[in-house]
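Single-structure report; data block below.
The values are calculated or read from the model by the stated rules, or taken from the named source; none is laboratory data. Quick caveat, the model's predicted, so the values are computed rather than measured. Note: ideal-geometry Cβ built from the backbone for every residue, glycine included; neighbour counts use all protein chains shown. The accessibility values were calculated without ligands, DNA or RNA, using every heavy atom of the protein model including side chains. Shrake-Rupley method; radii C 1.70, N 1.55, O 1.52, S 1.80 Å.
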Amino acid sequence: LVFWGRGPERRRLMRRSDPRVSFSEGPVEHVEAALLAASVAGLLLDPRLPYHQLNLPVKTFEYLSAGCPMITTAGTHAGDLVARAGAGIATAYDPPAVAVAIEMLLTDPARASACRERAVALVREHHGWEHRARRILQEVP
C-alpha cells in the first residue's frame, strides 16, 4: 500500500503504519507510473467540510483515466460520481470502512476489473477534452 501526498494526516499515519505501507510525495512525473501500477486509488475527503461536498479534485480524473478503481468518501461530489459510474466504492469517512472497501477491491478481481473499465469509460465518454469541446460548441451560438 502506498500513500501519495502530503495531507494533514501523513505524519500520524506514518507513525502508526505497517512496514508493508510506504509513503511517497515524489515528483509529479512519477504519479502516472504509480497510478498505472496501482490496484486501487483512494481519495478521502472529509464530508463535514462544505468545500469537500462541492469540489471535484483533478486527482479524481487522473485516477479514473489511469483505470484505478477508486475508494472515495460518500457524501462528496467525488464519491457521488464514482458511485454512480460504478468506478469504485464510495464509503464512510472512517478507517474501518475504508479498510473494508480496500479489501473488497483487492480480494475481488472481477469487481476491480469492472471498476477499471467503468472508470476509463467514464472519463472517455463524459469528462475528456473531446467531450468538453463538443459541449462548448453546443453552448456557443
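Solvent-accessible area assigned to carbon and sulfur over region 51-129 amounts to 60 percent, based on a 1.4 Å probe.
Note on region 31-141: the alpha carbon radius of gyration divided by the globular reference 2.2 N^0.38 Å gives 1.09.
Each label point was placed 7 Å from the Cα along the Cα-to-Cβ direction; for Ala97 and Glu9 their separation is 1.2 nm. Send over a whole-number figure in Å² for the accessible area per residue of region 48-141, probe 1.4 Å. Ligands and nucleic acids excluded, the result is 62 Å² per residue. Along the axis of the charge dipole computed for region 38-141 (Cβ charges of +1 for Lys and Arg, -1 for Asp and Glu, origin at the Cα centre), the listed residues Ala78, Pro95, His126 are led at the positive end by His126. The share of Cα pairs per 10 Å bin across region 80-141, counted from zero up to the longest distance, runs 21, 37, 25, 13, 5, 0 percent.
Among 43-55, 112-124, 72-84, sorting by the average number of other beta carbon atoms lying within 10 angstrom of each residue, highest first, gives 72-84, 112-124, 43-55.
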